[in-house]
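The values are calculated or read from the model by the stated rules, or taken from the named source; none is laboratory data. Note that the coordinates shown come from a computational prediction; the quantities given were computed from them, not determined experimentally. Counting neighbours? That spans all protein chains shown, and the Cβs are built from the backbone with ideal geometry, glycine included. Heavy atoms of the whole protein, side chains included, go into the accessibility calculation; ligands, DNA and RNA do not. Shrake-Rupley method; radii C 1.70, N 1.55, O 1.52, S 1.80 Å.
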Amino acid sequence: MVAADYDDEPSLRRALDGMWGVFSLQNTWEAGVEREEEQGKRLARLARAANVERFVYSSVGSADRATGIPHFENKARIEETVLELGFPSYVILRPVFFMEKFISPWFLPGIRDGKLMLGIKPTTELQMIAVSDIGKYALRAFEQAAEMNATELDIAGDERTMPEAAAILSQATGRSVQFVQTPIEEVRKWSSDFATMLEWFDAARESVCEHPVSFVD
């Protein structure tokens with residue numbers, strides 16, 4: 001294991017020295033939209049300069065669709081940088097909404113109180129994925145380097161409305177959990193970025209044009 005800091009170029013250069021492959025993942029909610037973009041582009045540029053052959057970037061589902069969502073658009077620009085750099089071999093993975101968010105401090109207190117609270121319509125089918133399944137695809141991207149070269153893949157594990165998700169949580173926890181639609185303006189007070197994403201989820205699922213997604217088997 002080699003430690004490095006996304007914001008420290010010398011540490012990244014040391015970590016990349018002699019590496020065949022890189023898995024690139026940044027976090028908007030820790031770094032912020034602008035800094036995440038800087039981190040993602042920096043790692044890609046330094047990896048290319050270090051002659052890394054295999055570059056796997058974990059982006060976000062529908063980053064290629066001009067969503068207007070800040071933490072989707074910055075990942076789209078990182079994707080563009082990866083493509084422009086001309087790696088000998090690359091894969092872009094685009095996972096959808098993380099299932100693990102439901103056990104995060106954002107959602108878990110409400111679920112423990114019997115409420116699954118999210119600012120989308122009860123009829124919207126939300127595509128979701130478990131982090132462990134993202135890992136399976138990332139592993140495949142390295143193990144099947146030749147077969148998956150130049151692949152850009154949206155991935156999901158399930159697709160449920162929030163009332164359906166609440167029913168599943170009820171069964172799993174042994175307690176009653178009901179979906180409560182959070183007013184989008186309340187979400188916006190906390191994060192305009194997150195609110196924009198939820199509004200896009202509603203609008204996208206109402207669209208007649210479905211975006212192709214690979215579902216984990």
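A few points about this structure:
- Considering only Ala166, Ala146, Ala44, the mean-square fluctuation computed in a Gaussian network model of the chain, springs between alpha carbons under 10 angstrom, is largest for Ala146.
- 0 to 90° range, to nearest 10: angle between helix 162-173 axis and the chain longest Cα axis: 90
- Measuring nothing but how far apart in sequence close Cα pairs (under 8 Å, 6+ apart) lie, relative to its length, the chain scores a relative contact order of 20 percent.
- Here's the list of lysines a cross-link from Lys115 could span, going by alpha-carbon distance under 19 Å and ignoring same-chain residues fewer than 8 apart: Lys101.
- Surface share of carbon and sulfur [accessible, 1.4 angstrom probe, percent] for the chain: 52
- Percent of beta bridges antiparallel (DSSP, the chain, rounded to nearest 5): 10
- Ignoring lysines fewer than eight residues from Lys75 along the same chain, the ones with Cα atoms less than 17 angstrom from its Cα are Lys41.
- The chymotrypsin sites (Phe, Trp or Tyr not before Pro) of the range 66-109 that meet both conditions, a loop assignment by DSSP and at most 15 other Cβ atoms within 10 Å of the site Cβ, are Trp106.
- Over all distinct Cα-Cα pairs of the range 1-86, the Kirkwood formula returns a hydrodynamic radius of 13.1 Å.
- A DSSP coil position with no more than 10 other Cβ atoms inside 10 Å describes none of the trypsin sites (Lys or Arg not before Pro) in the range 72-151.
- In the distance distribution for the range 20-70, Cα-Cα pairs more than 19 Å apart total 32 percent.
- Whole-number accessible area per residue in Å² for the range 51-202, which is evaluated in the context of all protein chains at 1.4 Å: 46
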